[in-house]
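A short write-up of the structure that comes next.
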Amino acid sequence: MKRMALWSAVFLLAFVAVSWAQQAFPQRPIEFVIMAGTGGGADRYARFISALVDKHRLSPQPLLPVNRPGGAGAVAMNYVYSKKGDPYVIVITLNSFITTPLIQRLPFSYRDFTPIAMMGLDTFMLWVPADSPFQTAKDLLDAAKARSLTVAGTGSKQEDEILFRTMERRFGLKPFRYVPYKGGGAVAAALVGKQVEATVNNPSEQLSFYKDGRSRPLAVFLKQRVDQPLWKDVPTIKEATGEEIEYVMMRGIFAPGGIPEEARRWLTGLMKKVFATEEFQKFLLDNALFPKFMPGEELGRFVAEFSAFHEGLMRDLGWIQ
């Protein structure tokens, strides 16, 4: 009898396990981790994506945005890394997804996460307050050759500081007094509050202050102008200064490593549906993003190349060996 009871228990556990495995993903809400504070680009994109999923009923379960700022993205990345195998956690990334593990020598890298989808490539612009004495990028750079300007960006040794330090080297400028903030929203507020003289925010982060006339873009860090009505008059940095600097921000979605293949395919399919909506396409245009969708495998190849590019930049800056 005992042996029969034991086999019955084993059979029951196996049956339950198979039943759970056969249940369609997802069975509960999915945590959508944001690597920075509120108001920045990653925060706006994640919440917009989540709202579109709800509006169009693209998922039987909601995406729940959760801000986990700190440590130049290390807090969020460590949290997602600790969820290995769990498909109910995803994260929207910045370029610090690549740079922070290298600089801080963290026990993981982009290779330890599952690429889900690229939702677009974001642009950087050089911004000043509306009443700044700098009318052009050249005006600002001429001043920066004579004195150290106070500038701001998201975090230390992340995307924004990479651009400012690159400009120092490329144009022979005095070192910027760089002030780090927790997110792009705080950086935008610091600019219009006259706490700093310039920023290199993404257009989406500065958009409301641009529309209400409190800030101005002097140049975009691309090879060509942004071909959209709101931004078409913003010159490239080469047009403004004669020196070309191209730099973009990846807006990718990743999950922890080792998630089930079925869940990975479902998450990629969900993001593809979001990308195809009229609202998301308009969002990309309004915020000067390149509407570039990449499924998981393609995103994985892109990130490998993007990481090599950043390693070269950071070695040049002396941030890594």
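The values are calculated or read from the model by the stated rules, or taken from the named source; none is laboratory data. Just so it is clear, the model here is predicted, and its values are computed rather than measured. No Cβ is skipped: glycine too gets one built from the backbone with ideal geometry, and neighbour counts run over all protein chains shown.
Out of (1) surrounded by fewer than 16 Cβ atoms within 10 Å (Cβ to Cβ); (2) within 30 Å of VAL192 (Cβ to Cβ); (3) not polar (S, T, N, Q), what's the single condition that is false for HIS56?
(2) is the only condition that HIS56 fails.
Identify the single condition in (1) over 25 Å from LEU149 (Cβ atoms); (2) part of a helix (DSSP H, G or I); (3) of a type in the set (Gly, Ala, Ser) that ALA255 does not satisfy, given that it satisfies every other one.
(2)
Does any residue of the stretch 111-133 turn out to be over 27 Å from ALA304 (Cβ atoms), touching a residue at least 24 places away in the same chain (Cβ under 8 Å) and polar (S, T, N, Q)?
Scanning the stretch 111-133 turns up at least one residue that is over 27 Å from ALA304 (Cβ atoms), touching a residue at least 24 places away in the same chain (Cβ under 8 Å) and polar (S, T, N, Q).
Select, from LEU289, LEU218, the only residue that is closer than 20 Å to ILE90 by Cβ, of a type outside the set (Phe, Trp, Tyr) and crowded, with 17+ Cβ neighbours inside 10 Å.
Residue meeting the stated conditions: LEU289.
Could you grab the pairs with beta carbons closer than 8 Å, sequence gap of 6+ or different chains, first residue in the stretch 216-232 and farther than 14 Å from VAL248 by Cβ, second one among the aromatic types (Phe, Trp, Tyr)?
If the second residue must be among the aromatic types (Phe, Trp, Tyr), the pairs left are ARG216/TRP127; ARG216/TYR210; PRO217/TRP127; PRO217/TYR210; PRO217/TRP231; LEU218/TRP127; LEU218/PHE134; ARG225/TRP231.
State yes or no: is PHE97 on the phi < 0 side of the Ramachandran plot and surrounded by fewer than 19 Cβ atoms within 10 Å (Cβ to Cβ)?
Numbers: on the phi < 0 side of the Ramachandran plot: yes; surrounded by fewer than 19 Cβ atoms within 10 Å (Cβ to Cβ): no.
When the stated conditions are applied, PHE97 does not pass them.
Only one of (1) buried (at least 19 other Cβ atoms within 10 Å of the Cβ); (2) modelled with pLDDT under 95 fails for ILE90. Which number is that?
ILE90 satisfies all of (1) buried (at least 19 other Cβ atoms within 10 Å of the Cβ); (2) modelled with pLDDT under 95 except (2).
Tell me whether the stretch 167-189 contains one or more residues that are surrounded by 22 or more Cβ atoms within 10 Å (Cβ to Cβ), in contact (Cβ under 8 Å) with a residue 40 or more places away in the chain and within 19 Å of PHE309 (Cα to Cα).
yes
When only residues in the stretch 61-87 that are basic (Lys, Arg) and out of contact with any helix residue (DSSP H, G or I) (no Cβ under 6 Å at 6 or more places or on another chain) count, which is surrounded by the most Cβ atoms within 10 Å (Cβ to Cβ)?
Here is the first cut: in the stretch 61-87, the ones basic (Lys, Arg) are 68, 83-84.
Remaining after also requiring out of contact with any helix residue (DSSP H, G or I) (no Cβ under 6 Å at 6 or more places or on another chain): 83-84.
Values: LYS83: 19, LYS84: 16.
By that ranking, first place goes to LYS83.
Take the residues in the stretch 113-171 that are closer than 24 Å to LEU207 by Cα, among the small types (Gly, Ala, Ser) and in a loop (DSSP other than H, G, I, E, B); name whichever of them is farthest from the chain's Cα centre (by Cα).
Out of the qualifying residues, it is SER132.
Being within 23 Å of LYS182 (Cβ to Cβ), surrounded by fewer than 19 Cβ atoms within 10 Å (Cβ to Cβ) and not polar (S, T, N, Q) is the filter here, so list the residues in the stretch 103-133 that pass it.
Selection gives ILE103, ARG105, LEU106, PHE108.
Counting only residues that are surrounded by fewer than 19 Cβ atoms within 10 Å (Cβ to Cβ), assigned to a helix (DSSP H, G or I) and either of a type outside the set (A, V, I, L, M) or on the phi > 0 side of the Ramachandran plot (or both), how many does the stretch 265-286 have? First the steps, then the outcome.
From the stretch 265-286, those surrounded by fewer than 19 Cβ atoms within 10 Å (Cβ to Cβ) are 265-266, 269, 272-273, 276-279, 281-282, 285-286; that's our starting set.
Next cut, assigned to a helix (DSSP H, G or I) only: 265-266, 269, 272-273, 276, 278-279, 281-282, 285-286.
Restricting the remaining residues to those that are either of a type outside the set (A, V, I, L, M) or on the phi > 0 side of the Ramachandran plot (or both) gives 265-266, 269, 272-273, 278-279, 281-282, 286.
Of the residues in the stretch 265-286, 10 are surrounded by fewer than 19 Cβ atoms within 10 Å (Cβ to Cβ), assigned to a helix (DSSP H, G or I) and either of a type outside the set (A, V, I, L, M) or on the phi > 0 side of the Ramachandran plot (or both).
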